[in-house]
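This report refers to the structure that appears directly beneath it.
The values are calculated or read from the model by the stated rules, or taken from the named source; none is laboratory data. As the structure is a computational prediction, the values presented were derived from the model and not from experiment. Cβ placement follows ideal geometry from the backbone for every residue including glycine, while neighbour counts extend to all protein chains displayed. Ligands, DNA and RNA are excluded from the accessible area calculation, which covers all protein heavy atoms including side chains. Shrake-Rupley method; radii C 1.70, N 1.55, O 1.52, S 1.80 Å.
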Amino acid sequence: MDVVIIGGGEAGARVAHELHTAGWEGTVTLVGEEYRPVYERPPLSKNVLLDEIPEAVEPYRGGRLDVPGLTLRPGERAEAIDVGARSVRLAGGEDLRFDRLVLATGARARTVPGLPGNVPVLRTWDEALALRSALTGGGHLLVIGAGMIGMEVAASARTRGLQVSVVEVADRAMGRAVPAPVAAEMVARHEAEGVSLRLSTTVASLTRESGQWRARLEDGEELLVDHVLACVGTAPDTDLARTAGIEVDDGVVVDQQMRTSAPGVWAVGDCVSGPVAVLGRRQRLESWRMAHDQAVTAAASIRGEEPEHAAVPWFWSDQYDLSLQVSGMAVAARTWLERPEPDGSTLHLGLDDAGRVVCAAGVGRAAIAKDVRAAERIISSGAVLDPAELVDPTVRLKALARR
Ligand SMILES: Cc1cc2nc3c(=O)[nH]c(=O)nc-3n(C[C@H](O)[C@H](O)[C@H](O)COP(=O)(O)OP(=O)(O)OC[C@H]3O[C@@H](n4cnc5c(N)ncnc54)[C@H](O)[C@@H]3O)c2cc1C
């Protein structure tokens with residue numbers, strides 16, 4: 001049985017690794033258009049910009065993917081899939097035959113409509129290096145988009161001593177994935193650090209002027225800055241799937257085993273739209289752990305097991321010395337509870353109409369991390385618990401989760 005995986009990011013590489021460690025007897029070929037060995041993206045907006053890590057973080061360094069039966073094809077782009085003939089055409093014209101195919105093509109950073117195409121974005125190691133080198137010179141950075149990555153870059157640049165402005169078209173930072181009070185806590189820290197955040201407006205035009213950028217905002221304000229970065233979200237890389245006739249709806253549509261509409265084809269990571277139990281519907285989710293968990297599920301399914309991907313979504317974000325964690329889905333919550341934590345921080349618990357805990361979020365370190373983990377088990381169980389107990393710091397969440 002030959003497996004071909006398209007995309008050498010977290011999700012694709014994890015499928016390869018899982019198949020190998022489970023003793024897959026066929027061949028596995030990992031085709032990735034980036035020329036680098038597999039690397040982690042989360043540090044790109046944080047530690048890399050702060051010079052804390054000079055090298056890309058390579059989870060499989062030391063030859064962990066250099067094993068018999070597994071072929072890595074970095075720097076190779078898959079151009080087309082023939083589902084019927086079970087083959088993948090590479091850019092060089094070579095056809096790779098497969099019995100099982102995994103799409104792990106991830107997502108691409110969106111550009112801002114109406115602005116020049118050369119406005120930098122941040123998705124790859126090379127883009128992170130270019131941004132780091134630009135920030136080394138100091139000056140004023142304009143970040144377009146106050147999502148998670150935009151705010152992480154703002155924190156890193158401010159920590160480096162740059163003047164930082166952030167422009168966001170919505171009326172709040174960090175979107176609907178983060179509960180409003182938690183986002184407000186992060187924003188307050190940015191403001192205390194001197195970041196200037198403009199909400200409910202966007203950049204209407206951007207022009208080069210003597211080595212700088214002149215940004216005219218929708219409300220007429222003009223900013224003359226040294227660096228610009230567009231952080232306006234991503235578009236899933238679904239072209240291959242679409243042209244192969246595989247169902248796509250925002251992302252490549254998958255079931256709970258990460259199987260696509262085409263027999264013998266799985267999809268994982270940022271490129272998929274899959275069932276999210278806590279939402280009760282499909283959704284594309286972009287987080288490191290989602291990519292990891294989906295890959296584990298897909299590998300088990302390819303091996304012929306019957307796994308069900310029911311993991312609760314979870315992501316983190318580090319800005320300054322603050323660590324934000326969100327488990328579950330904030331958009332599923334109708335009411336919110338506040339649970340005081342022993343370190344003075346607050347855990348926000350979102351309940352749906354039926355009173356089930358559907359989201360847990362907070363800013364902090366050990367205490368929040370522990371309780372978000374416990375809340376994750378409560379979210380996963382779908383249990384309705386007594387709100388008075390949920391907010392009572394003398395009642396351990398771990399004990400409630402065990403119930
Ligand atoms: C700057 C940054 C910071 C982040 N920080 C966090 C964080 O703090 N917390 C968190 O939870 N998540 C974070 N994430 C998100 C997380 O990194 C992603 O969810 C994860 O990388 C998704 O992995 P993936 O393998 O699906 O996609 P990707 O990592 O995008 O990998 C897809 C790969 O497929 C390749 N590819 C695409 N098409 C083809 C083709 N036709 N042929 C060959 N190869 C192809 C692409 O070049 C790419 O290398 C961050 C992401 C970024 C960009």
Among Thr346, Leu72, Gly8, pick out the residue whose Cα is farthest towards the positive end of the charge dipole of the chain, where Lys and Arg carry +1 and Asp and Glu carry -1 on C-beta, about the Cα centre.
Thr346
Given segment 1-96, what percent of its DSSP beta bridges are antiparallel, to the nearest 5?
40
Towards the positive end of the charge dipole of segment 321-402, with charges on Cβ (+1 Lys, Arg; -1 Asp, Glu), say which of Ser380, Leu337, Pro393 has the farthest Cα.
Ser380
Carbon plus sulfur, as percent of the 1.4 Å-probe accessible area of the chain, comes to 48
Point-charge dipole on Cβ atoms (K/R +1, D/E -1) for segment 321-402, about Cα centre, debye to 20
300
Options Gly92, Gly137, Gly304, ranked by Cα towards positive dipole end of the chain, top entry (Cβ charges)
Gly304
The summed charge of the Ala13 Cβ neighbourhood (under 15 Å; Lys/Arg +1, Asp/Glu -1) stands at -3
Where labels lie 7 Å past Cα in the beta-carbon direction, separation of Glu218 and Ser87 in nm
5.0
Summing Lys, Arg as +1 and Asp, Glu as -1, what charge do residues with Cβ under 15 Å from the Cβ of Glu79 carry, Glu79 excluded?
-3
Charges only on Cβ, +1 for Lys and Arg, -1 for Asp and Glu: so what's the dipole of the chain about the Cα centre, in debye to the nearest 20?
360
Length-normalised contact order of segment 321-402, Cα under 8 Å, at least 6 apart, in percent, tallies to 30
Just to verify a number: what accessible area does Trp213 come out at with the full protein assembly present, 1.4 Å probe, Å² rounded to tens?
20
Put Glu221, Glu79 in order of accessible area, largest first, probe 1.4 Å, and you get Glu79, Glu221
Taking the Cα centre of segment 1-151 as the origin, how large is its charge dipole in debye, to the nearest 20, when only Lys and Arg (+1) and Asp and Glu (-1) carry charge on their Cβ atoms?
360
Just to confirm the filter: which chymotrypsin sites (Phe, Trp or Tyr not before Pro) across segment 1-87 are DSSP coil and have at most 15 other Cβ within 10 angstrom of their Cβ?
Tyr35
Counting only the heavy atoms of the protein chains, how much of Thr136 is accessible to a 1.4 Å probe, in Å² to the nearest 10?
90
Keeping every protein chain in place, order Arg281, Arg303 by accessible area at 1.4 Å, biggest value first, i.e. largest first.
Arg281, Arg303
Taking a crude spin-label model, label points 7 Å out from Cα along the C-beta direction, the Asn118 to Arg242 distance in nm is 2.8
Which sequence of Lys46, Lys370 reflects their accessible areas, 1.4 Å probe, from the largest down?
Lys370, Lys46
Ignoring ligands and nucleic acids, what accessible area does Met148 show with a 1.4 Å probe (Å², nearest 10)?
40
Taking Cα pairs closer than 8 Å and at least 6 residues apart, the relative contact order of the chain in percent is 14
Summing +1 for each Lys or Arg and -1 for each Asp or Glu, what net charge is found among the other residues whose Cβ lies under 12 Å from the Cβ of Glu209?
+1
In Å², what does the accessible area per residue of the chain work out to with a 1.4 Å probe?
43
